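Reviewing the structure listed below.
The values are calculated or read from the model by the stated rules, or taken from the named source; none is laboratory data. Keep in mind it's a predicted model, so treat the numbers as computed, not measured. Cβ atoms come from the backbone with ideal geometry, glycine included; neighbour counts cover every protein chain shown. Ligands, DNA and RNA are excluded from the accessible area calculation, which covers all protein heavy atoms including side chains. Shrake-Rupley method; radii C 1.70, N 1.55, O 1.52, S 1.80 Å.
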Amino acid sequence: QYRPFENLTLATAVDGWYNNLFSTSNLNLREDAQPERLTILANFSAKYVSEHFTFGGNIMYTRTHETSDSATTVPDRNKISPTVYSSWQLNDAGNLTLRAFYKEIYRLPTFTELYFHDLGYKYLLPEETHQFNLGLTYLSDKIPFINSFMCTADAFYNRVTNKITIIYGMPYSSVRNTGQVEIKGCD
């Protein structure tokens, strides 16, 4: 983390991990795929804070490399996913705040969704979600017999493309990308 100015903070982080799936079962008397995945996530974030305003964001870079002993291996993945958020204190008392954010989420298929017995589907695409949120918060410590009172209201909209869904069936279920899903709501 680095603070070049009193109100501005910059930060970065890098994570990496290795996953594998070595199944010893032999369902249907055949060998299961034995995938391995190396994942690297790199994140850069910035946040500016003033007396009545906060603004920030981050950029997440996802990189994966996958191998498998099956006939088809999932291709390497590279994705940049941004997030932007802000909040404004609407009055001088600082107890009424308007918030907003936009976020992209990139979800890779799990090994179960890709490779597990007859359920998996090696051609699955990653899910990509775009989230939008607008909210209002009221906070008060001036109510008799109550130390603190907070009320929040949020409206949100999510758009998911390449939604990964299990399709149940007999004798076997399967996993597929089912297109686009829109989610609208409020809390």
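Give me a comma-separated list of calculated 3J(HN,Hα) values for the range 47-62, in order, Karplus coefficients 6.51, -1.76, 1.60 applied at θ = phi - 60°, integers in Hz, x for any Gly or Pro.
So the Karplus estimates, Gly and Pro as x, are 9, 10, 10, 10, 4, 10, 9, 10, 9, x, x, 8, 10, 9, 9, 10 Hz.
Gain in length, Tyr85 to Val14, computed as 0.36 nm per residue apart minus the alpha-carbon separation, to one decimal in nm?
23.4 nm is the gain from fully extending Tyr85 to Val14.
Provide the net charge surrounding Asn19, with neighbours chosen by a C-beta distance below 10 Å and charges set as Lys +1, Arg +1, Asp -1, Glu -1.
-1
At a 1.4 Å probe radius, carbon and sulfur cover how many percent of the accessible area of the chain?
After summing per-atom areas, the C and S share lands at 59 percent.
So what is the 222 nm mean residue ellipticity for the chain from helices alone, if each DSSP H run of at least 4 adds -39500 (n - 2.57) and you divide by all residues, rounding to the nearest 500 deg cm²/dmol?
Counting only the DSSP helices, I get -500 deg cm²/dmol.
Could I have the simple spin-label model distance between Ile183 and Asn7, label points 7 Å from Cα toward Cβ, reported in nm to one decimal?
Taking the two extended label points, one gets 3.5 nm.
Give the separation of the Cα centroids, the range 33-58 to the range 117-183, in Å.
19
List the relative contact order of the chain as a percent without decimals, with contacts defined as Cα pairs under 8 Å and 6+ residues apart.
Relative contact order comes out at 13 percent.
If you count only protein heavy atoms with a 1.4 Å probe, what accessible area per residue comes out for the range 39-187, rounded to a whole Å²?
Per-residue value: 60 Å².
Which entry in (1) 40; (2) 49; (3) 12 is this structure's computed percent of Cα pairs over 31 Å apart?
(1)
Which of the peptides 62-68, 16-22, 77-83 is most tightly packed, and how do the rest follow, going by the mean number of other Cβ atoms within 10 Å of each residue? Don't jump to the answer; show the numbers that get you there.
Numbers: 62-68: 16.3, 16-22: 11.3, 77-83: 13.7.
Packing order, densest peptide first, comes out as 62-68, 77-83, 16-22.
For Lys122, which aspartates and glutamates qualify as cross-link partners when the Cα separation must be under 17 Å and same-chain residues fewer than eight apart are set aside?
Glu31, Asp32, Glu36, Glu66, Asp69, Asp76, Glu113
Can you bin every Cα-Cα distance in the range 86-152 into 10 Å intervals starting at zero and give me the percent of pairs per bin, rounded to whole numbers?
P(r) for the range 86-152, in whole percents per bin: 17, 25, 18, 15, 15, 9, 0.
To the nearest 0.05, what FRET efficiency results for Lys142 and Leu98 with a Förster distance of 30 Å applied to their C-beta separation?
That pair, Lys142 with Leu98, gives E of 0.90.
Sort the following peptides by mean Cβ neighbour count (other Cβ atoms within 10 Å, averaged over residues), highest first: 130-137, 104-111.
Ranked from most to least packed, the peptides come out as 104-111, 130-137.
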